[in-house]
Amino acid sequence: MAQALRRKVIITCAVTGSVHTPTMSPYLPVTPDEIAAASIAAAKEGAAIIHLHARNPADGRPSADAQLFRAFMTRINDACDAVLNISTGGSSLMTLDTRLAPARALKPEMCSLNMGSMNFGIFPMLEKHGDWKHEWEPALLDATRRTVFQNTFDDIETILADVGRAGGAKFEFECYDAGQVELLAFYLKRGLVEPPLYVQFVLGVLGGAGASVENLVHMKGTADRLLGDAYQFSVLAAGGRQVAIATAGAIMGGNVRVGLEDNLTISPGVLAKSNAEQVAKMRRILEELGLDVASPDEARAALKLKGRNAIAI
Ligand code: KMH
Ligand code: ZN
């Protein structure tokens, strides 16, 4: 009897981000060596795409220094064939030019692109932690009460032009509510973005849609209606529902994102000791569901990426 083809699911691992801070977990990678080691271990467990931010090695503060990116990207690229995805979101306190410096310089295969301006509140974490290792940590969390995560139409179109058309990167289109999916459809109609679109449904950010299956169903329904077969999707949930909501996304036909950028735990109240631990857990769940995990080259083919030889590190 012919064997039914098992669907391949792309696992993205976002290894450090700019939301969590060193006091919150000793396992958060900070230095280029730590970020490289965390990424290589995550790839070994099955992450096909590594979503990358940098941090100041001295104190863990979010950084968009292209030389830091170059240092860990070179190491990761030497050790494995994972797709390297540079954040263009940086942190909500950075200017657009600062945020774009690493992607403009290093011309990766993928970049994130956040599809709207919004509140992005991380200040509630002030209540959970104290005894901060660095002064910048509570100051950054508190500042998100008064700052907007800015991604204007002009900003989005600058990223599409500079990093996409000029640099050859494909995007992880991060959509935090259904309205941002509608904006992506607007750009598709205008010919400013090209299929296959890789949409990351982002749930659980304070200021965006909450981490519920109902919200995911609504956002996917919007994308099905407006983007049709021009898109594939992945799901990330910030916080402790990360794996549950990503699993719902996989069951609905999507791909998944895990990593310490979005969630520091491995089970309720227990810190994950590494990004790789979260990837391994996600992989076990996918395999139990009868799904296969995509290799980096399978992800490249599915998303029509330019290839790892075409990046400028
Ligand atoms: N931490 C995620 C919820 C980006 O890097 O462009 C948002 C993010 C943004 O991944
Ligand atoms: Zn990110």
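The values are calculated or read from the model by the stated rules, or taken from the named source; none is laboratory data. No experiment lies behind these values; they were computed from the predicted model shown. Quick reminder, even Gly has a Cβ in these numbers, built from the backbone with ideal geometry, and neighbours come from all protein chains shown. What goes into the accessible areas is simple: the full protein's heavy atoms, side chains included, and nothing from ligands, DNA or RNA. Shrake-Rupley method; radii C 1.70, N 1.55, O 1.52, S 1.80 Å.
If I ask for residues that are assigned to a loop (DSSP other than H, G, I, E, B) and either of a type in the set (Phe, Trp, Tyr) or under 19 Å from THR23 (Cβ atoms) (or both), which ones from the range 260-279 would you list?
Answer for the range 260-279, where residues must be assigned to a loop (DSSP other than H, G, I, E, B) and either of a type in the set (Phe, Trp, Tyr) or under 19 Å from THR23 (Cβ atoms) (or both): LEU260, GLU261, ASP262, ASN263, LEU264, GLY269, ALA272, LYS273, SER274.
Say we look at the range 220-239 and pick out the residues that are open to solvent by less than 20 Å² (accessible area, probe 1.4 Å), within 22 Å of LYS8 (Cα to Cα) and part of a helix (DSSP H, G or I); which of these is nearest to ligand 1 (Cβ to nearest atom)?
Step by step, filter the range 220-239, then rank; the result is ALA223.
Just wondering, is there one or more residues in the range 3-15 that are at pLDDT 95 or above, more than 28 Å from ASP154 (Cβ to Cβ) and surrounded by fewer than 24 Cβ atoms within 10 Å (Cβ to Cβ)?
Yes, that holds for at least one residue.
Please find, within the range 282-303, the residue that is surrounded by the fewest Cβ atoms within 10 Å (Cβ to Cβ) out of those that are within 28 Å of GLY168 (Cα to Cα) and over 18 Å from the mean Cα position of the chain (by Cα).
ALA301
When residues of the range 30-86 are filtered for being under 14 Å from PRO108 (Cα atoms), open to solvent by 50 Å² or more (accessible area, probe 1.4 Å) and outside any helix (DSSP H, G or I), how many remain?
1
With the condition kept exactly as written, say whether any residue in the range 150-169 is touching a helix residue (DSSP H, G or I) at 6+ places or on another chain (Cβ under 6 Å) and modelled with pLDDT under 95.
Scanning the range 150-169, I find no residue that is touching a helix residue (DSSP H, G or I) at 6+ places or on another chain (Cβ under 6 Å) and modelled with pLDDT under 95, so the answer is no.
Could you please find all residues in the range 139-163 being free of Cβ contacts under 8 Å to residues at least 12 places away in the same chain and open to solvent by less than 50 Å² (accessible area, probe 1.4 Å)?
Selection gives ALA161 alone.
Here are some residues: LEU52, LEU28, LEU68. Which one is within 19 Å of LYS170 (Cα to Cα) and either touching a Pro at 6+ places or on another chain (Cβ under 7 Å) or aliphatic (A, V, I, L, M) (or both)?
LEU52
What residue, among those in the range 202-219 that are touching a residue at least 60 places away in the same chain (Cβ under 8 Å) and in a strand (DSSP E or B), is surrounded by the most Cβ atoms within 10 Å (Cβ to Cβ)?
Here the residue is GLY208.
What pairs come up if the first residue lies in the range 44-61 and is under 16 Å from SER18 (Cβ atoms), the second is among the aromatic types (Phe, Trp, Tyr) and open to solvent by less than 10 Å² (accessible area, probe 1.4 Å), and their beta carbons are under 6 Å apart, counting only those six or more places apart or on different chains?
ALA54/PHE69
Is it the case that GLY253 is under 16 Å from THR12 (Cα atoms), part of a loop (DSSP other than H, G, I, E, B), at pLDDT 95 or above and open to solvent by 10 Å² or more (accessible area, probe 1.4 Å)?
yes
Being assigned to a strand (DSSP E or B) and under 24 Å from ALA101 (Cα atoms) narrows it down to one residue among VAL163, VAL199; which is it?
VAL199
Every residue in the range 256-270 that is touching a residue at least 24 places away in the same chain (Cβ under 8 Å), open to solvent by 10 Å² or more (accessible area, probe 1.4 Å) and aliphatic (A, V, I, L, M), please.
Residue satisfying the conditions is LEU264 alone.
Would a scan of the range 306-313 turn up a residue that is open to solvent by less than 20 Å² (accessible area, probe 1.4 Å), modelled with pLDDT of 95 or more and of a type in the set (A, V, I, L, M, F, W, C)?
For the range 306-313, residues open to solvent by less than 20 Å² (accessible area, probe 1.4 Å), modelled with pLDDT of 95 or more and of a type in the set (A, V, I, L, M, F, W, C): absent.
Determine the pairs where a residue that is surrounded by 16 or more Cβ atoms within 10 Å (Cβ to Cβ), located within the range 127-138, has a partner that is at pLDDT below 95 with Cβ atoms under 9 Å apart, the partner being 6 or more residues away or on another chain.
GLU137/HIS129; PRO138/HIS129; PRO138/GLY130
Does ALA101 qualify as being surrounded by fewer than 24 Cβ atoms within 10 Å (Cβ to Cβ), closer than 17 Å to ILE311 by Cα and not hydroxyl-bearing (Ser, Thr, Tyr)?
The answer is yes for ALA101.
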